[in-house]
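Reading through the structure tokens given below for one structure.
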Amino acid sequence: MQTLTTLPSKTHCFLKLETPHHFLRRKTRTANNFRTGFYFWDDLGYGFLRRCYWGSKQIQIHTFGPSVAPLALTFEQQQQQEVVVSKTDSNSSDDNSEFKLNKHNNFPSENKGKRVDTRALASSLRFAKTANDVETVLGDKGDLPLQVYSTIIRAFGREKTVSSAIAVLEWLQLKKLGPNLFIYNSVLGAIKQAEEFGHVERVMNDMVGNGVSPNVVTYNTLMGISLAQGDETKALELFNLIETKGLSPSPASYSTALLAYRKMEDGFGALNFYVEFRTKYQNGEIVKNDKNEEWEAEAKKLEDFVVRICYQVMRRWLVNGEDSSHKVLRLLTCMDQAGLETGRAEHERLIWACTREEHYSVAKELYNRIRENGSDISLSVCNHVIWLHGKAKKWWAALEIYEDLLDKGPKPNNMSYELIVSHFNFLLTAARRKGIWKWGIRLLDKMQEKGLKPGSKEWNSVLIACSKASEPSAAIQIFTRMIENGEKPTIISYGALLSALEKGKLYDEALRVWKHMIKMGVEPNAYAYTIMATVYAAQGKFNIVESIIREMPVSGVELNVVTFNAIITACARNNMIGSSYEWFQRMEVEKVEPNEVSYEMLIEAFVKDGKPKLAYDMYLRARVKGLNLSAKAYDLLVEAYRGGGVSIDLSLLGPPPPPSPSPSPESKTRTEISKDLTDLGDVPKSILFDTNH
């Protein structure tokens, strides 16, 4: 009989040839009796061969444990005729390699009562290569039962000495002992175990030539050989051949066919195959090969097996480079339609296989299934799903999972906190980069609402967004909240606030913030110095600007072109054109090389001041230095020429520069902002335009 979990005989143990390391000798003694025996292990499972002595009487007991054969490998177990194990000599050693041939076996009369030491026979035949070698060993042994040869052949399979097994088969044919079906099945099993597949065709031809018809065990073994050779299609063809030959597939046949679909990574094929089997079983179309086959239990095992196969295949799909999320979701749906029960463990293992951005939909579906079933869920799995959604820019979906942790459990840990904060950081950085200050404030509110404490990085992102948007009052509000929440402002915090105040022309407030920064022991950087120089330049307090310029090198801050450009810009915007040019010349004194911005600000200032000739000269100087000015400076000179205010040679200006870049964030329309946020995933765009903020 073949079943998915092959059980040993109910009467006696199978005749097995064991190598020494398969046995663990055990002796125990009590006051009135003595027991001795061996634990043994074979393809069928494990057991204990025990002899008990009570006085002068000997009692022989064979105890078996449960089978541990893997589900898809059970086709290797084959039903063999039994040889009863017996030893009557209580004075002999505990060697169980000798077997008595008793009256239950159809042996020649002259062999009855003799012992057969199969271990010794197999050891003698280990190096046999031809039938003559076998004759040398077995020629004087008489006619032994075919079960002995079958046992020896299977032992050769475990030892991977197929040549010896083939030699025994040839010898049996020469002796005209008539190798039966069990002998051929044993040889095929040995070939499979040793992975020497070149002998298969020869053995099958011998079977046909000797008129031996294959049974289901034969086909199961051939299916296993095809799988070992990587020919899954042939294995499935052999399965179909079983019924064609008038045989009934065994549980092992079905499990081997499912394994073929697993190796082909065809989850849909495995599922359809199982559904067809289940329909046959429910309709009573499954025929038993043996009265001991428990198909009800085997059907349940097949169901568990196909579920395991489907999840293994889905993991393989996810691990492969191509995007297979749609296939995974479709197979999950088909499994639901087939009524297959799946649990948390399978879902969580599959979630761990989701590592690519496009896998977020699979992870979300599996996460929802676990939650909907009301079962517990691993915190590490939740954190993985949060991380994956962030990778896929599904920030709001990740936040929903974090909210589930707060509301339903398990309680979030430091990893959960760090992951969700990192997602907020990305969004806040986007708000800072794009100057969307309202969005930044809303994100800060959301963080605090969920018990997340913003750090200086988060507060600074919003401050910079307010500065870019020229929103000094919002910057003051955020700066105040930052301090109230116990976060110490950094130089970046002060710089962003100073910039916002300077753009709003709140010079007195900027001065108070500067003094507060110095009082708190925060050392100014080049950006802070630049803003304060801009503040005083805009007010015409050039003596203070001069002192700032002198203080910077003393404080270890290098003078740079950005600082001078800021001063020039402040002068130009406040109609102090002469001062702008003076600070431009000051750059040469301080050995700071002007850049495109320096020239463009002066050109704009000269044109607006009615001095297009000076603007024209500055443009030519920039071209001589190899600088590429913007289209705005070029257009200003062209307009001045067409206005008739000055006679200039436009040909010397060179070709028109490319169009100017897009406008600054604060000047963008609502539609332009929305188009600019396509890379921010699933964040609700309503946050950007909430008029309450």
query: Cross-link partners among aspartates and glutamates for Lys245, C-alpha distance below 15 Å, same-chain residues fewer than 8 apart left out?
result: Glu237
- request: Roll a 1.4 Å probe over the protein heavy atoms and report the accessible area of His347 in Å², nearest 10.
  value: 0 Å²
- prompt: For region 455-518, which whole-number percentage of the solvent-accessible area (1.4 Å probe, protein heavy atoms only) is attributable to carbon and sulfur atoms?
  reply: 55 percent
query: Ordered by residue, what ³J(HN,Hα) values in Hz, to whole numbers, does region 579-589 give under the Karplus form 6.51 cos²θ - 1.76 cosθ + 1.60, where θ = phi - 60° and Gly and Pro are x?
result: 5, 4, 5, 5, 6, 5, 5, 5, 4, 5, 5
- line: Once the dipole of region 311-395 is set up from charges on Cβ (+1 Lys and Arg, -1 Asp and Glu), the residue from the list Gly390, Cys334, Trp352 lying farthest towards its positive end is Gly390
message: Please compute the length gained on full extension between Asn574 and Ser213, using 0.36 nm multiplied by the number of residues separating them and subtracting their Cα-Cα distance.
response: 119.3 nm
task: List the residues whose amide H sits under 5 Å from the amide H of Asp117, counting only those 5 or more places along or on another chain, with H placed 1.01 Å from N in the peptide plane.
output: Phe99
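By how many nm would the segment from Ala526 to Asn595 lengthen if fully extended, with 0.36 nm per residue of separation less the alpha-carbon distance?
Numbers: separation 69, 0.36 × 69 = 24.84 nm, distance 1.77 nm.
My answer for the length gained is 23.1 nm.
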field: Entries in Lys327/Lys364; Lys234/Lys327; Lys234/Lys263; Lys301/Lys364; Lys393/Lys446 that, when Cα-Cα distance is taken, lie over 19 Å
entry: Lys234/Lys327; Lys301/Lys364
In region 263-339, trypsin sites (Lys or Arg not before Pro) in a DSSP loop with at most 11 other beta-carbon atoms within 10 Å: Lys291
message: Under a Cβ-only charge scheme (Lys and Arg +1, Asp and Glu -1), can you give me the dipole magnitude of region 405-454 about the Cα centre, in debye to the nearest 20?
response: 200 debye
task: Name the aspartates and glutamates eligible as straight-distance cross-link partners of Lys434: C-alpha to C-alpha under 16 Å, and not fewer than 8 places from it in the same chain.
output: Glu458, Glu471, Glu666, Glu672, Asp676, Asp679
Percent breakdown of C-alpha pair distances by 10 Å bin, ordered from the shortest bin, for region 572-623: 26, 59, 15
query: Taking a 18 Å limit on the Cα-Cα distance, which of the listed pairs Lys591/Lys611; Lys408/Lys450; Lys457/Lys488; Lys503/Lys608 fall beyond it?
result: Lys591/Lys611; Lys503/Lys608
task: Send over a whole-number figure in Å² for the accessible area per residue of region 212-254, probe 1.4 Å.
output: 37 Å²
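Val545: net charge of surrounding residues, Cβ under 14 Å, Lys/Arg +1, Asp/Glu -1, itself excluded? Intermediate values should be presented prior to the final figure.
Numbers: positive: Lys541, Arg550, Arg586; negative: Glu502, Glu546, Glu551, Glu582, Glu590.
Value of the local net charge: -2.
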task: Starting at the first residue of region 121-138, write each ³J(HN,Hα) from the Karplus equation 6.51 cos²θ - 1.76 cosθ + 1.60 with θ = phi - 60°, in whole Hz, x for Gly and Pro.
output: 4, 5, 5, 5, 8, 4, 9, 6, 10, 9, 4, 5, 4, 5, 4, 4, 8, 9
message: Could you compute the net charge surrounding Asp407? Neighbours are other residues with a C-beta less than 14 Å from the C-beta of Asp407; K and R count +1, D and E count -1.
response: 0
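Taking the Cα centre of region 419-529 as origin, sum charge times position over the Cβ atoms of Lys and Arg (+1) and Asp and Glu (-1), and report the length of that vector in debye to the nearest 20. Intermediate results must be reported in sequence, preceding the final value.
Working: 17 positive and 10 negative charges, 52 e Å.
In debye, rounded to 20, region 419-529 gives about 240.
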message: Could you sort the peptides 200-207, 382-389, 157-164, 462-469 by per-residue average Cβ neighbour count (10 Å cutoff), highest mean leading?
response: 462-469, 382-389, 157-164, 200-207
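May I ask you to derive the FRET efficiency for Thr233 and Asp336 from their Cβ-Cβ distance with R0 = 25 Å, giving the value to the nearest 0.05?
0.30
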- line: Karplus-derived 3J(HN,Hα) from phi for region 262-275 (6.51 cos²θ - 1.76 cosθ + 1.60, θ = phi - 60°), whole Hz, x at Gly and Pro, runs 4, 5, 7, 6, 10, x, 5, x, 4, 5, 4, 4, 5, 4
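What does the accessible area per residue of region 578-625 come to in Å², with a 1.4 Å probe and no ligands, DNA or RNA counted? The partial results should precede the final answer.
On the way: 2510 Å² over 48 residues.
Per residue, region 578-625 has 52 Å² of solvent-accessible surface.
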- line: With the 1.4 Å probe rolled over protein heavy atoms, region 439-479 has an accessible area per residue in Å² of 33 Å²
query: Can you pull the percent of region 237-373's accessible area that's carbon plus sulfur, 1.4 Å probe, other chains left in place?
result: 43 percent
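Provide the net charge surrounding Leu444, with neighbours chosen by a C-beta distance below 10 Å and charges set as Lys +1, Arg +1, Asp -1, Glu -1. Intermediate values should be presented prior to the final figure.
Details: positive: Arg442, Lys446, Arg481; negative: Asp445, Glu449, Glu458.
Net charge in that neighbourhood comes out at 0.
What is region 507-546 by shape, rounded, prolate or oblate, if you read a ≥ b ≥ c off the alpha carbon gyration tensor as root eigenvalues and call it rounded for a/c under 1.5, prolate for a/b larger than b/c, and oblate otherwise? List each step's numbers first, then the result.
Working: a/c = 2.34, a/b = 1.59, b/c = 1.47.
Prolate is the answer for region 507-546, as a/c is 1.5 or above and a/b outweighs b/c.
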- prompt: Between Lys488 and Asn373, 0.36 nm times their residue separation minus their Cα-Cα distance comes to what?
  reply: 36.8 nm
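The values are calculated or read from the model by the stated rules, or taken from the named source; none is laboratory data. Just so it is clear, the structure is predicted and the values come from calculations on it, not from any experiment. Counting neighbours? That spans all protein chains shown, and the Cβs are built from the backbone with ideal geometry, glycine included. These accessible areas exclude ligands, DNA and RNA; they are computed on the full protein's heavy atoms, side chains included. Shrake-Rupley method; radii C 1.70, N 1.55, O 1.52, S 1.80 Å.
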